[in-house]
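First up is the structure itself, then whatever we jot down about it.
All of the numbers you see were taken from the coordinates with simple rules; none came from a lab. In this text the structure is predicted, and so the values were computed from the model without any measurement. Cβ atoms come from the backbone with ideal geometry, glycine included; neighbour counts cover every protein chain shown.
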Amino acid sequence: MKISILGSTGSIGRQAIEVIQKMPGFFDVVSLTGGSNIEVLRQQIKLVNPSNVCVKSENDALLLKKEFPKINFLHGDEGLIDIASDTTNERILVSVSGKTGLKPTLAAIENNIDVALANKETLVMAGDIVMKRAREKGVKILPVDSEHGAIHQCLSNRDEVEKLIITASGGPFRNSSIEDIKNATVEQTLHHPRWNMGKKITIDSATLMNKGLEVIEAHHLFNMPYDKIQVVVHPQSIVHSAVEYVDGSVIAQLGFPSMHIPIQYTLTYPHRFEGIETRSFDFIKAGRLDFEAPDMEKFPCLKLAFEAGKQGGTLPVVMNAANEEAVYAFLDKKISLWQIYEITKKMMDAHKSITNPTLDEILETDMIIRELTKKSTSK
Ligand SMILES: NC(=O)c1ccc[n+]([C@@H]2O[C@H](COP(=O)([O-])OP(=O)(O)OC[C@H]3O[C@@H](n4cnc5c(N)ncnc54)[C@H](OP(=O)(O)O)[C@@H]3O)[C@@H](O)[C@H]2O)c1
């Protein structure tokens with residue numbers, strides 16, 4: 001299988017390289033892309049010997065070209081789009097973070113390349129456009145998110161579905177008071193109890209905005225109305241999500257928390273092979289499984305996401321952009337954790353949503369909200 005990994009230096013990208021190494025001879029890596037982490041990229045180039053590599057800056061591309069003269073080096077957003085458009089690929093993994101994923105995903109779809117999609121922001125920003133175009137072109141969008149990977153495996157006849165049940169670990173503040181959440185430090189917030197992920201998604205997991213983004217992602221991926229999507233807190237993160245059918249049957253997908261399984265599933269789909277986690281699960285070791293309702297007062301970002309998703313138009317774009325910039329401001333210690341919610345809500349309240357936005361309208365709204373959020377967090 002000829003594949004490329006966009007965002008190979010990130011948490012998902014590095015685990016994808018591990019999956020590839022576990023299956024020698026199965027994958028041929030056409031291209032890798034990184035942002036600024038040149039050291040990790042250098043090691044990955046030596047491991048998988050790609051034909052093309054894209055980095056963020058031209059300087060880094062020139063530097064690496066001297067070390068690896070046989071490789072074609074590209075840079076910037078245009079480079080990412082070129083890599084995603086390369087029809088040598090049978091599948092691409094989009095595991096860049098934030099809004100960077102949208103254009104390359106659309107480029108792959110236009111070129112009839114199946115997408116293993118980790119970048120949930122792509123569907124939150126432009127789910128209608130992306131899924132419509134994928135359907136028209138017959139391109140598969142295979143979800144890497146463990147919850148959506150689980151639903152993908154449990155879903156058969158959509159007409160017979162009663163609801164999708166998305167599980168959430170609850171993050172590091174599940175048992176904290178609102179006061180403690182308001183005073184949480186960056187270090188406490190980055191300490192996720194179950195998953196080791198990139199910084200942006202780790203902060204989103206602490207506010208439950210990540211679960212909100214996943215609700216919108218599920219709506220688009222599985223064409224499911226919001227009133228048929230339920231979020232359930234499950235601290236052990238063993239049930240990755242479930243589908244309830246109209247006859248009362250509930251089908252769930254289980255496993256100890258690991259992204260290797262969903263990454264491998266999207267890269268080898270529709271086939272399954274022995275992998276890194278084969279034979280790791282044990283019901284007896286798993287022991288008890290707990291479930292509870294999410295606390296919308298302590299985690300109001302989840303409420304915002306349901307509102308944004310239900311209203312649609314450009315409101316999810318606003319929520320996504322404001323949240324992302326506010327998360328970076330929190331990581332830079334310019335605002336508190338709770339202000340991520342307050343700022344995002346303020347941006348959403350002030351926005352007049354555009355119905356059925358074009359891609360240009362989405363990108364323009366995204367840019368404006370990012371600027372406004374940066375201004376309001378720099379004071
Ligand atoms: N981590 C998880 O377990 C997980 C689970 C489900 C879904 N996801 C989703 O998968 C995506 C990636 O998450 P992650 O945790 O792997 O993030 P991450 O560790 O922060 O990695 C992000 C990747 O994107 C690259 N990147 C960032 N900005 C870029 C830019 N402007 N141009 C080019 N490359 C850029 C980074 O490059 P450098 O590091 O080299 O700068 C890195 O390779 C997110 O959308 C997230 O929501 C992640």
Is the shape of the chain best called rounded, prolate or oblate, per the rule: a/c under 1.5 gives rounded, else a/b larger than b/c gives prolate, else oblate, with a ≥ b ≥ c the square roots of the Cα gyration tensor eigenvalues?
rounded
Along the Cα-to-C-beta direction of residue 226, a point sits 7 Å from the Cα; which residues of the range 98-126 have their amide N less than 16 Å from that point?
124-126
Under the Karplus relation with 6.51, -1.76 and 1.60 and θ = phi - 60°, whole-Hz ³J(HN,Hα) for the range 194-202, x at Gly and Pro, equal 10, 10, 9, 9, x, 5, 4, 5, 5
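Sorted by packing (mean other beta-carbon atoms within 10 Å per residue), highest first, where do 215-224, 324-333, 362-371, 190-199 land?
Final packing ranking: 215-224, 324-333, 362-371, 190-199.
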Around residue 107, under 10 Å between beta carbons, what's the net of Lys plus Arg minus Asp minus Glu among the other residues?
-2
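Under 13 Å from the Cβ of residue 182, count the other residues' Cβ atoms, weight Lys and Arg +1, Asp and Glu -1, and hand me the total. Working shown, then result.
Values: positive: 298; negative: 179, 180, 297, 342.
Net of charged neighbours comes to -3.
Taking the Cβ-Cβ separation of residue 112 and residue 360 as r and a Förster radius of 35 Å, what is the calculated FRET efficiency to the nearest 0.05?
With a Förster radius of 35 Å, E is 0.90.
Ranked from highest to lowest mean number of other Cβ atoms within 10 Å per residue, what is the order of the peptides 297-306, 241-250?
By packing density, highest mean first, the sequence is 297-306, 241-250.
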Rounded to the nearest 5, what is the percent of antiparallel bridges among the DSSP beta bridges in the chain?
30 percent
Anchor residue 46: aspartates and glutamates whose Cα lies under 12 Å away (excluding residues fewer than 8 positions away in-chain):
67
Using the beta-carbon distance between residue 303 and residue 66 and R0 = 35 Å, what value does 1/(1 + (r/R0)^6) give for FRET efficiency, to the nearest 0.05?
0.10
Calculate, in nm to one decimal, what residue 159 and residue 378 gain on full extension: separation in residues at 0.36 nm each, minus their alpha carbon distance.
74.0 nm
If R₀ is 45 angstrom, what is the calculated FRET efficiency for the pair residue 78 and residue 288, using the beta carbon separation as r and rounding to 0.05?
0.30
Percent relative contact order of the range 235-306, based on C-alpha pairs within less than 8 angstrom and at least six residues apart?
27 percent
Order of 30, 318 - criterion: other Cβ atoms within 10 Å of each residue's Cβ, fewest first:
30, 318
Below 8 Å, C-alpha to C-alpha, sequence gap of six or more: please give me the relative contact order for the chain in percent.
15 percent
Ordered by fewest other Cβ atoms within 10 Å, a rough proxy for footprinting exposure, 88, 377 read 88, 377
